[in-house]
1. In the range 83-91, is there at least one residue being surrounded by 14 or more Cβ atoms within 10 Å (Cβ to Cβ), within 14 Å of Leu144 (Cβ to Cβ), under 12 Å from the mean Cα position of the chain (by Cα) and of a type outside the set (Phe, Trp, Tyr)?
2. Specify which of the listed residues (Asp80, Asp38) is out of contact with any His (no Cβ under 7 Å at 6 or more places or on another chain), among the acidic types (Asp, Glu), under 26 Å from Lys140 (Cα atoms) and surrounded by 15 or more Cβ atoms within 10 Å (Cβ to Cβ).
3. Pick out the one residue from Glu114, Glu122 that is surrounded by fewer than 14 Cβ atoms within 10 Å (Cβ to Cβ), within 30 Å of Gln2 (Cβ to Cβ) and touching a residue at least 40 places away in the same chain (Cβ under 8 Å).
4. Considering only the range 65-115, how many residues are modelled with pLDDT of 95 or more, farther than 28 Å from Leu18 by Cα and of a type in the set (S, T, N, Q)?
5. Failed condition for Tyr58, given (1) in contact (Cβ under 8 Å) with a residue 24 or more places away in the chain; (2) within 19 Å of Leu144 (Cβ to Cβ); (3) over 19 Å from the mean Cα position of the chain (by Cα), with all others met?
6. Val5 fails exactly one of the following numbered conditions: (1) touching a strand residue (DSSP E or B) at 6+ places or on another chain (Cβ under 7 Å); (2) among the β-branched types (Val, Ile, Thr); (3) surrounded by 15 or more Cβ atoms within 10 Å (Cβ to Cβ). What is the number of that condition?
7. Report, by residue number, each residue of the range 140-157 that is touching a residue at least 12 places away in the same chain (Cβ under 8 Å), more than 20 Å from Ser73 (Cα to Cα) and surrounded by fewer than 16 Cβ atoms within 10 Å (Cβ to Cβ).
8. When you check Asp22 against the structure, is it of a type in the set (Asp, Glu), modelled with pLDDT of 90 or more, within 18 Å of Cys152 (Cβ to Cβ) and not in a strand (DSSP E or B), yes or no?
Amino acid sequence: MQMYVESEGPIENYSPSLFATDEVHKIAVLDLRLLNLDRNACNILVQNKKDPISGESYKSLVPIDHGLTIPDSLQIQSFDLAWLDYPQAEEPFSAKTQAYIKNLDVDADIRLIEQNFRVRPECLRNIKISTILLKKAASKGLTLSQIGQILCRPDDDEDAPSLLEKIVNKA
C-alpha cells in the first residue's frame, strides 16, 4: 500500500542544520519502535510548513518506505539509520518527546498488530526489545547517538554483535 506525499524532495538535498531537533527525533523514535532497517536519506521527505499559531515557516520531515520494518533479527547497522549521522542525534530528547516515549505501551501495540496482521513472534519480540531499549535509555537521559551505539553493530566489524544483541543472547 502506498500513499503519495507532497514534498520538496528527500532530506539528502538539505543541510541537517535546517531541521529542528524534534523533527529528526520523531523519525528516529518511529524507526526505533519499528526497527526500520532502511531509513536512508531518500526515505525521509521534506515539507515546508507554517506553524498555525506563530505563522513561522519550518521544515517538516515525513518518513516513507516502511518495507524493511519489524525484522526477525536484531542485526542492525548504523548505515541503516540515516539520522544517526545528524547532529540532532547528539541532542537530548525534548520534554514533549520524553513524555511521548514514557507513555508508549508496547504490549498494547503488539496486541493491536496481532489483531490486524500475521507477524511472526520473533518479530514482535524485537519490537518489544527495541521499545524497552528506547524507554529505558530515554528515561536515563541517553541521546539517539548513545542509543545507536547500543543498538547497532560496530561499523568496523559488521559481523560483531551489537551490545543489544549480546544482552538479548545472554538473557
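1. Checked the range 83-91: at least one residue is surrounded by 14 or more Cβ atoms within 10 Å (Cβ to Cβ), within 14 Å of Leu144 (Cβ to Cβ), under 12 Å from the mean Cα position of the chain (by Cα) and of a type outside the set (Phe, Trp, Tyr).
2. Result: Asp80 is the single residue among Asp80, Asp38 that is out of contact with any His (no Cβ under 7 Å at 6 or more places or on another chain), among the acidic types (Asp, Glu), under 26 Å from Lys140 (Cα atoms) and surrounded by 15 or more Cβ atoms within 10 Å (Cβ to Cβ).
3. Working: Glu114 fails: touching a residue at least 40 places away in the same chain (Cβ under 8 Å).
Sole residue among the options that is surrounded by fewer than 14 Cβ atoms within 10 Å (Cβ to Cβ), within 30 Å of Gln2 (Cβ to Cβ) and touching a residue at least 40 places away in the same chain (Cβ under 8 Å): Glu122.
4. Summing the residues that are modelled with pLDDT of 95 or more, farther than 28 Å from Leu18 by Cα and of a type in the set (S, T, N, Q) in the range 65-115 gives 2.
5. If we test Tyr58 against (1) in contact (Cβ under 8 Å) with a residue 24 or more places away in the chain; (2) within 19 Å of Leu144 (Cβ to Cβ); (3) over 19 Å from the mean Cα position of the chain (by Cα), just (2) comes out false.
6. Among (1) touching a strand residue (DSSP E or B) at 6+ places or on another chain (Cβ under 7 Å); (2) among the β-branched types (Val, Ile, Thr); (3) surrounded by 15 or more Cβ atoms within 10 Å (Cβ to Cβ), the lone unmet condition for Val5 is (3).
7. Gly141
8. So Asp22 does not fit the description; no.
The values are calculated or read from the model by the stated rules, or taken from the named source; none is laboratory data. Small disclaimer: the values here were computed from a predicted structure and weren't measured. Heads up, the Cβs are rebuilt from the backbone with ideal geometry, glycines too, and the neighbour counts pull from every protein chain shown.
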